[in-house]
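Enquirer: Have a look at the structure that comes next, please.
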Amino acid sequence: MGLNDVCAPPGAGRRLGVRAEPDPAMATAPSPTPPRPRRLRRALSWLGHRSNRSALVLSVLLGVAFAISSVYLARVQTLDEYRAIAVQLAHYAVQRTDRIREYTFQSFQALRAQGTADPCSNASLALMRRLNYGSDLVVDIGYVRDGHLLCSTAGRHSAGIPLPAPDYLSPSGAELRLGVQLPFAGDARYTLSTLDGYTIILRAEWSEDVLGWMPDAGIAIGTLHPRSRKLLFSRGTLDAPLIDALSTTPPQVSEREHLVVLQGSPFDYVGFAVIPTRELQSRWHARALQMMPVGLLLGLLLAGLVFWVMWRQTSMPAMIRTALRQDEFSMVYQPVVELATGRWVGLEALMRWHRPDGTMVSPDVFIPAAERSGQISALTAWVAERVLTETRALLQADPQFHLAINVTGDDLLDGRFHASLSTLLQRHGVAASQLIGEITERVFMHTGQTGAQIHALRALGMRIAIDDFGTGYSSLAYLTRLELDYLKIDKTFVDPIGTGAVTANVVSHIIAMAQSLGLTMIAEGVETEAQADFLRAQGVQQAQGWLFARPMPIEEVRQHMAKGAT
């Protein structure tokens with residue numbers, strides 16, 4: 001941070017006049033203290049040296065600069081603090097909506113299982129009341145036919161209460177009506193979920209209990225359905241233009257006016273937390289007033305410390321370049337297991353970064369930084385060279401053994417990637433068919449450019465796997481358009497297996513889809529025998545996870561392989 005204008009203090013260059021001779025009346029009177037003009041002359045003499053003046057000016061400038069920078073830092077710290085709060089709130093919104101979704105479908109199952117011919121019979125109404133009793137999620141339960149609410153826990157509604165048309169049909173088949181006003185509920189708005197006529201009525205505006213998560217009344221949280229551009233649930237105020245802006249991909253929200261965090265979910269809604277920046281001004285102003293005196297008092301010392309820290313710090317791209325030169329990166333390998341036999345059939349190569357000071361940098365930090373700075377191709381080239389060097393003997397000993405490496409969208413957009421990989425494989429004497437390139441769903445955004453590169457890699461003999469499937473915004477059309485060999489089932493869909501959660505059914509649909517496309521499946525994040533048994537029974541061929549082995553250095557891999565690796 002720099003200063004635009006610096007003004008010297010008034011009178012700094014003014015010369016002071018001094019009498020040439022002492023006053024005769026004072027000649028005989030002793031002076032208890034040195035004359036003031038003499039002190040001023042010494043001070044002016046000290047300031048007369050250019051270097052001293054420069055040091056004084058620099059000290060003042062550094063003190064002012066640090067004081068001003070403290071204002072900026074106070075704002076940044078406040079924004080970072082509230083951004084972290086917003087991340088927690090958006091995650092909480094998704095968790096709360098997932099809980100509502102699970103409770104809703106459990107209620108549907110109970111209502112459909114009663115088998116009564118009259119959904120508004122006394123027995124049905126009694127069941128609705130039991131399901132609704134004690135729930136902090138559901139306002140009412142009823143039955144809808146031909147767009148009319150015929151009955152609810154309050155009883156039968158004669159000819160029925162007319163309802164608006166559904167806003168959309170969820171993937172599970174439920175009709176959702178958003179922002180519905182009911183004639184007996186005043187201005188309150190509700191979200192109605194209807195399946196086979198049975199309807200769960202939920203308050204669209206969350207109750208006061210979420211305020212414990214919200215440190216500021218100006219924060220708005222909830223879940224949004226982007227396709228209908230309507231709120232499922234919320235707490236706080238969002239106007240229609242802001243809802244429309246949040247529904248676009250990517251969100252078109254002014255960062256000067258709002259701090260926004262979105263949290264995706266496996267379903268068709270998105271959690272959000274929105275904080276108006278005006279709500280933060282008084283907070284960072286108060287923090288700045290606390291920090292400014294420190295900067296003014298410590299001045300040069302604190303400013304020098306800031307400069308020293310700035311000198312010691314380097315940017316992440318520079319750190320990555322240094323790490324490549326100094327060989328700070330390393331590789332670990334997680335075994336891929338054949339579920340039918342328990343035999344190790346391959347490895348996934350994972351990159352690690354251990355700094356010289358002993359700290360470890362997460363791939364979630366340096367991989368996005370490398371992508372943004374255009375260094376990801378250099379990292380991929382380093383990984384390919386290192387893993388082929390370390391695993392060459394294992395691959396040559398078993399032609400069926402495979403090795404998986406991550407291939408980014410930038411790699412596929414690089415026309416030199418195919419040729420350099422081919423040369424590397426020839427130099428190490430490894431068959432391209434033993435190499436699996438794992439691509440993520442983000443590659444689908446450039447299918448026209450990356451599809452040709454994927455075709456060239458497969459023509460070389462390399463096999464392609466789609467990684468993290470189902471966690472992005474891909475569609476079945478993209479899967480059929482690209483040439484793929486493997487589909488990796490993300491840990492997100494493996495975790496619910498055996499828990500009884502509604503989301504546990506999602507993995508079965510993914511497996512069925514992969515089987516229809518003739519793709520070999522690899523399940524990630526398998527941690528329990530129950531998960532392995534379920535996946536094996538469903539026809540999933542391969543898996544990896546802590547149940548079988550954690551990522552390990554190549555030396556440990558060789559030891560396990562020598563012992564049979566099962």
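The values are calculated or read from the model by the stated rules, or taken from the named source; none is laboratory data. Since the structure is predicted, the reported quantities are computational estimates derived from the model, not experimental observations. Note that we place each Cβ from the backbone using ideal geometry, even for glycine, and neighbour counts take in every protein chain shown.
Enquirer: Within the stretch 394-409, does at least one residue satisfy the condition of being farther than 15 Å from VAL345 by Cα, among the hydroxyl-bearing types (Ser, Thr, Tyr) and surrounded by fewer than 20 Cβ atoms within 10 Å (Cβ to Cβ)?
Expert: no
Enquirer: Turning to a different aspect of this structure: Restricting the search to the stretch 484-512, which residues are surrounded by fewer than 16 Cβ atoms within 10 Å (Cβ to Cβ) and either among the hydrophobic types (A, V, I, L, M, F, W, C) or in contact with a Cys (Cβ under 8 Å, 6 or more places away or on another chain) (or both)?
Expert: ALA501, ALA512
Enquirer: I've got another one for you. Could you go through the stretch 129-143 and let me know if any residue there is among the polar types (S, T, N, Q), modelled with pLDDT under 90 and closer than 30 Å to GLU257 by Cβ.
Expert: no
Enquirer: Any residue in the stretch 379-390 that is touching a residue at least 40 places away in the same chain (Cβ under 8 Å) sitting within a Cβ distance under 9 Å of a residue that is charged (D, E, K, R)? List the pairs, counting only those 6 or more apart or interchain.
Expert: Note: pairs meeting the criteria are LEU388/ARG427.
A quick yes/no check of all residues on (1) among the aliphatic types (A, V, I, L, M); (2) modelled with pLDDT under 85; (3) not in a helix (DSSP H, G or I):
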{"residue": "VAL60", "(1), (2), (3)": "yes, yes, no"}
{"residue": "ILE68", "(1), (2), (3)": "yes, yes, no"}
{"residue": "TYR72", "(1), (2), (3)": "no, yes, no"}
{"residue": "LEU79", "(1), (2), (3)": "yes, yes, no"}
{"residue": "ALA84", "(1), (2), (3)": "yes, yes, no"}
{"residue": "ASP98", "(1), (2), (3)": "no, no, no"}
{"residue": "THR104", "(1), (2), (3)": "no, no, no"}
{"residue": "GLN109", "(1), (2), (3)": "no, no, no"}
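Enquirer: So, one more: Given the condition closer than 30 Å to ALA84 by Cα, basic (Lys, Arg) and in a strand (DSSP E or B), answer yes or no: does some residue in the stretch 228-245 qualify?
Expert: So far as the stretch 228-245 goes, yes, one or more of its residues are closer than 30 Å to ALA84 by Cα, basic (Lys, Arg) and in a strand (DSSP E or B).
Enquirer: Anything in the stretch 140-150 that is more than 38 Å from the chain's Cα centre (by Cα) and assigned to a strand (DSSP E or B)? List them, or say none.
Expert: GLY142, TYR143, VAL144, ARG145, HIS148, LEU149, LEU150
Enquirer: Looking only at the stretch 513-524, filter to residues that are of a type in the set (Gly, Ala, Ser) and surrounded by 18 or more Cβ atoms within 10 Å (Cβ to Cβ); which one of those is nearest to PRO171 (Cα to Cα)?
Expert: Here is the first cut: in the stretch 513-524, the ones of a type in the set (Gly, Ala, Ser) are 514, 516, 518, 523.
Imposing the further condition that a residue be surrounded by 18 or more Cβ atoms within 10 Å (Cβ to Cβ) reduces the set to 514, 523.
Values: ALA514: 19, ALA523: 23 Å.
Of everything passing the filter in the stretch 513-524, ALA514 is nearest to PRO171 (Cα to Cα).
Enquirer: I'm told LEU137 meets every condition in (1) loosely packed, with under 15 Cβ neighbours inside 10 Å; (2) within 29 Å of the chain's Cα centre (by Cα); (3) in a loop (DSSP other than H, G, I, E, B) except one. Can you identify the failing condition by its number?
Expert: For LEU137, the failing item is (1).
Enquirer: Looking at the stretch 257-287, which of the residues that are modelled with pLDDT under 80 and polar (S, T, N, Q) is nearest to SER228 (Cα to Cα)?
Expert: THR277
Enquirer: Let me ask another. LEU350 passes all but one of (1) in a strand (DSSP E or B); (2) in contact with a Ser or Thr (Cβ under 8 Å, 6 or more places away or on another chain); which number fails?
Expert: (2)
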